[in-house]
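Just so it is clear, none of the values below were taken in a lab; they were calculated from the coordinates. Values in this document were obtained by computation on a predicted structure and should not be read as measured data. A quick note on method: Cβ atoms are made from the backbone with ideal geometry, for glycine too, and the neighbour counts reach across all protein chains shown.
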Amino acid sequence: MPKIEPDLDGAQTLALEALAYLAAHPEIFMRFMGATGLDSDAVVAGADNTEIQAAVLDYLMRGESDLMAFCAESGKSPKEVFWALHALDPHAMSEMPQGLINKPRPAVWRR
């Protein structure tokens, strides 16, 4: 059985995979930028920043269809995405969303 809870390096790698997924799907990337208030230059410049990486995973965790599409394409499970987010930002989500239903609320990293 594969390890579900990643270390920081594993979490950052998964977040970069997720960012590449968003970038490859312009409609999803545009929704991500709209939800976070970031522009593409800030995302590219901050790709190695754990706060940006956490924002990417947080965005996916809050949208069931985008999360499931990323998981299908990457071979990752929603639990892996959740634990990677938790490794990057332990305060991001306290528990896995019930049924992975998108709950409308602002991204926790954004102040």
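Positive contributions from Lys and Arg (+1) and negative ones from Asp and Glu (-1), summed over other residues with Cβ under 12 Å from the Cβ of Ala69, come out at -3.
Packing here is the average count of other Cβ atoms within 10 Å per residue, and on that basis the peptides 43-53, 81-91, 61-71, highest first, run 81-91, 61-71, 43-53.
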